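Single-structure report; data block below.
The values are calculated or read from the model by the stated rules, or taken from the named source; none is laboratory data. This structure is a prediction, so every number in the text was calculated from the model and none was measured. Reconstructed Cβ throughout: ideal geometry from the backbone, glycine too, with neighbour counts over all protein chains shown.
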Amino acid sequence: MTYENFKYELDDDGIAVFTFDVPGRSMNTITAGVSRELPMIVEQIKTDPAIKGAILTSGKPTGFCAGADLGEMGSSAAAQQGSAEDRLKAAFDSSYSLNRVLRAMETCGKPIACALEGLALGGGLEIALATHYRVAADNPKSQFGLPESKVGLLPGAGGTQRLPRLIGVQNAAMMILQGEPKKPQEAKALGFIHEVVEPGETLRAAKKWLKGSPKATQPWDEKGFRVKDGPYSPGGGMAFVGGNAVLMKQSYGNYPAQRHIMSCLYEGIQVPMDAALRIESRYFVKTLQTPQARAMIRSLFLSMQELSKGANRPQGVAKYEVKKVAVVGAGFMGAGVAYVQAMAGVESILIDTTIEAAEKGKDYARKLVEKRVARGQMTQERADGVLALIKPTTSYDDVKGSDLVIEAVFENREIKAEVTRRAEAQLGPDAVFGSNTSTLPITGLAEASERPANFIGVHFFSPVDKMGLVELILGKQTSEETLAKAIDYVLKIKKTPIVVNDSRGFYTSRVVGTFIGEGLAMLSEGIKPAIIENIAKQAGMPVGPLSLNDEVAIDLSWKIREQTKKDLGAAYKPTAVDPIIEKMVVELQRFGRKNGKGFYDYPADGKKKLWPGITDLVPTKVDECPPALKAEFIKRILYIQALETAKCFEEGVLMTARDADIGSILGWGFAPYTGGTASLIDGVGVQAFVEQCEALAEKYGERFRPTALLKEMAAKGETFYGRFGGAAAKKAA
Ligand code: NAD
């Protein structure tokens, strides 16, 4: 037999080795072709008398299989035609087909092992779980997990049924709901990997098992099998009652996949495997059809994949090898940038005004690598190598030979101009100058540059080592070549770049500002602070607006307001929020987390708590939140951000719906279940969104009034992905 995606060999002992190797890909995924060939392979194992046992392994150095091909899944879902009932049936058949073949595999009567040299994720792990014996290489890069819930799905190839039967409901629920993978030794300790061997030895170990007296049955097909923490066991009570409670606390029911995972576990675990797999397939289809899953697959999988391949990169510019970068300003941000660069193997010069300040910046990297070494995530040798790449200095001579400069000094135009001139004097003609300003327009900053075409905004998020987004901002004169080089840099340091045009606050800071502003507006109306904070979390935001204002500093909000007042003069329209901010900052000196008092108190020995004095400042008028009001508050929180996003499109700051969505989710954790700020509007429907915003404007103020672009799009029946869509949009639409 020959297959397109598997190599087949039979040895003298009757052991058939199927080597999974999808042509032209660096990693195996379950493509349509693979799904067609798997049943043929199972049939061959079952019926060929020469085959005594079989091994599944991979021909890719990267690992066994990374799961389903979500790109194909998106387009096949879109291609379905016929009545709703036909579509549902077709979706079930297609989803159940992999379950059917894996069930046939584990019950074919012959022993099958899986030799895992590298990672197995999602559908890849689910194939492995349907074999009788799993051997993994002790390779630090190996990971085994079911990450489907991270893109709004559930494992649909038996993962929700086989994993709990192997490791207990509680452990499986944690693994599936959180989607976090396990290392080989952890997987063995949990009980879903049988044996861990040295890299390169898995095939030999699998053969050894097959030559012993291997069992060709799964534990759950044996008489008397019991699931650990099943529904009617004491542990099961904890797993289901506690699990549901934790789930609601963490996700507020915003993610249908999570609820469906719990249902799959509860219902599936009580019936034999064949019925359990049908239950899983039904929930899988139900989940796939939710708007949340569609939006999350598009944003968190397809768009992320495109951006990480440089989707915004102008064509025709040769790849820019960034080997040396000078970071000017070794403060909070500069220190983080130097660390991520060094981790990616980039020589990093860290400049500050004193050597102590520069060294302090390097200390940040020292602490982070020390922590990694202590946790066994990094060898001392690698840690030393990373630190050796960071050179603290006060001398601009060290900038010489840099491919790029990242300026991260104080948010002050004059200081930034001075730094630009001094650094540029040392740079070669092709080098790029990037400013990490969070608010100052790039075109203005580029006036200090001799080569404004090479000048670009490179906006990191804090903490730099944890936040995956970089917002690249084009000044009026930034060249395409500079953008391409900046994208090459961002990808090299393993971050995701979005690209926007220049404006005060760019895209991300502007929209975050409206979130905080709406929270303050709600506070000024007398809505109880705890309600505001909790509603924001129920809307899917990672933190409440008052908490976020404490983080970014209330005196900064005050300074921005004062500046705006000055700039606008008589045209400035005072708001109900102004006196609150004024009192917090000028009278009470409550600046936020940075001085230990803001809308929250920060006791040295405990968790932060809402400051009880807020209600003296603004007497509480709303201290209950019935469901209708809650729904309206949630809309206020999310829609104000989506409206500002629409304005960014209207002003040409944003160019693609993809960048808006990814920027919002990675930048400030905007409700991921919506797919992001642009997907939110498309999900509601532009027409309906306009109508609902009009109603909010009547009740809460002109800031909710939809602008011309939204009205035009509503009239034409357009969507953001239709009008501003990238390739991902076309694929998943
Ligand atoms: P910071 O105050 O922690 O660090 C600034 C550093 O620049 C200090 O170490 C200071 O000594 C140094 N510096 C000042 N003048 C200098 C000069 N002439 N030459 C060399 N070094 C000089 O500030 P930060 O929070 O790291 O912010 C730096 C920049 O990054 C600002 O433009 C800020 O707007 C931007 N930014 C900050 C954040 C954030 O969350 N803090 C996020 C994104 C962008």
Within the stretch 583-605, residues being of a type in the set (F, W, Y) and within 16 Å of the ligand (Cβ to nearest atom) number 1
Pairs please, first residue from the stretch 353-368 and under 18 Å from Q380 (Cβ atoms), second anywhere and among the aromatic types (F, W, Y) and more than 12 Å from the ligand (Cβ to nearest atom), Cβ atoms under 9 Å, 6+ apart in sequence or on different chains.
K362/Y339; A365/Y339; L368/Y339
What's the number of the condition E37 fails, among (1) closer than 19 Å to D93 by Cα; (2) free of Cβ contacts under 8 Å to residues at least 60 places away in the same chain; (3) under 31 Å from the mean Cα position of the chain (by Cα)?
(3)
Go through the stretch 376-405 and count every residue that is of a type in the set (V, I, T) and more than 16 Å from the ligand (Cβ to nearest atom).
2
Which one is nearest to Q305 (Cα to Cα) among residues in the stretch 465-476 that are buried (at least 21 other Cβ atoms within 10 Å of the Cβ) and within 16 Å of the ligand (Cβ to nearest atom)?
L469
Meets criteria (within 27 Å of the chain's Cα centre (by Cα), outside the structural domain of Q258 (by TED's automatic domain parsing), at pLDDT 95 or above and part of a helix (DSSP H, G or I)) for K647:
yes
Being free of Cβ contacts under 8 Å to residues at least 40 places away in the same chain and either among the polar types (S, T, N, Q) or in contact with a Leu (Cβ under 9 Å, 6 or more places away or on another chain) (or both) narrows G253, G268, G212, G224 down to just G253
Filter result (more than 9 Å from the ligand (Cβ to nearest atom), farther than 15 Å from P497 by Cα and not in a helix (DSSP H, G or I)) within the stretch 433-464:
F433, P441, S449, E450, R451, F455
Do you know which residues across the stretch 417-445 are under 32 Å from the mean Cα position of the chain (by Cα) and over 17 Å from L556 (Cβ atoms)?
A431, V432, F433, G434, S435, P441, I442, T443, L445
Close pairs (7 angstrom Cβ cut-off, 6 or more residues apart or separate chains): basic (K, R) in the stretch 1-25, outside any strand (DSSP E or B) anywhere
K7/D21; K7/G59
For I415, work out the one condition from (1) without any contact (Cβ under 8 Å) to a residue 40 or more places away in the chain; (2) in a loop (DSSP other than H, G, I, E, B); (3) within 18 Å of A330 (Cβ to Cβ) it doesn't fulfil.
(2)
Any idea which of (1) within 14 Å of the ligand (Cβ to nearest atom); (2) in a loop (DSSP other than H, G, I, E, B); (3) aliphatic (A, V, I, L, M); (4) surrounded by fewer than 23 Cβ atoms within 10 Å (Cβ to Cβ) is the one A423 doesn't satisfy?
(2)
Restricting the stretch 321-351 to residues that are within 16 Å of I415 (Cα to Cα) and crowded, with 24+ Cβ neighbours inside 10 Å, which is nearest to the ligand (Cβ to nearest atom)?
G329
Is at least one residue of the stretch 353-375 surrounded by 23 or more Cβ atoms within 10 Å (Cβ to Cβ), away from the ligand (no atom under 16 Å from the Cβ) and assigned to a helix (DSSP H, G or I)?
no
Reported set for the stretch 1-18 where residues are of a type outside the set (F, W, Y), surrounded by fewer than 19 Cβ atoms within 10 Å (Cβ to Cβ) and either closer than 20 Å to T202 by Cα or under 32 Å from the mean Cα position of the chain (by Cα) (or both) is K7, E9, L10, D11, D12, D13, G14
Given (1) at pLDDT 90 or above; (2) among the aliphatic types (A, V, I, L, M); (3) loosely packed, with under 13 Cβ neighbours inside 10 Å, V585 misses just (3)
Selected residue [surrounded by fewer than 18 Cβ atoms within 10 Å (Cβ to Cβ), touching a helix residue (DSSP H, G or I) at 6+ places or on another chain (Cβ under 8 Å) and in the same structural domain as D403 (by TED's automatic domain parsing)] from S479, S462:
S462
